[in-house]
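Data first, discussion second: the structure below is written as structure tokens.
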Amino acid sequence: MSSLELLPKQFFSFLDTECKELFAKDQPVFHALYALKARTWKNKISTTIPHTVAILNIESVEIEEGVIIDPFACIEGPCYIGKNCHIGHAAYIRPFSYLSHNCSIGHSAEIKASILFPFAKATHLCFVGDSILGAHVNLGAGTKCANLRFDDREVELTFREKKYATGLRKFGSILSDYAKTGCNVVLNPGTVIEKHEMVFNKNSILSKVAAK
């Protein structure tokens, strides 16, 4: 793999935000998922937690100020939730999730071992597993970022008709800044969506278009 391929700057323009600690400028973008597992986590709760919200492994849960958590959500450490995020009713934030500031997680959405840049939105009934969502990404209701192959083999990343080894058994998608999905879109493991692209499900055929 060329040292100039798959660098974070090809996908994200907001690397001055808090999650920059996970990205190396000279490493392929998916290496951030390795860094996520290696991060040192701490206990920090800077917002009010409703009594109906379950916090598991609280010693490794970091929640910044201004976060709003709706009733019956479940947050399991280790995880990080940045300032002014909104965690919806019955949402499930699973271990090794990293949410930058102003992210929105909707009703019954599930986030697992993923990195979300500022203002990313995973609305109701979404699943985001082992994925990276850029700034201002918006997932339509029911979007699924699948993270495991049927044959249980290593997931390859596909980018501009080329395949790259990741060394990861579980790896979902990379959605670049301002990418969007429509309702009920399913992204296969190793999918890459470029900046400003829109993905929608039309007549059961996955379609991708570039925004003007």
**OP:** Over 30 Å between C-alpha atoms is what I'm after, so list which of K42/K180; K121/K163; K44/K180; K20/K195 land there.
**Re:** K42/K180; K44/K180
Original post:
So what is the calculated 222 nm ellipticity per residue for the chain, using -39500 (n - 2.57) for each DSSP H run with n of 4 or more, over all residues, to the nearest 500 deg cm²/dmol?
Top reply: -1000 deg cm²/dmol
Subject >> Net length gained if the chain between V53 and K163 were fully extended (0.36 nm per residue, minus Cα distance) >> reply: 35.5 nm
Original post:
Tally Lys/Arg at +1 and Asp/Glu at -1 over every other residue whose Cβ is under 15 Å from the Cβ of F14; what's the total?
Top reply: +2
**OP:** Straight distance only, please: which aspartates and glutamates reach the Cα of K25 with their own Cα at less than 15 Å, same-chain residues fewer than 8 apart left out?
**Re:** E5, D16
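Read-outs throughout are calculated quantities, based only on the coordinates presented, and are distinct from any laboratory measurement. Being a predicted model, the structure only gives us computed values, none of them experimental. All Cβ positions, glycine included, derive from the backbone under ideal geometry; neighbour counts span all protein chains shown.
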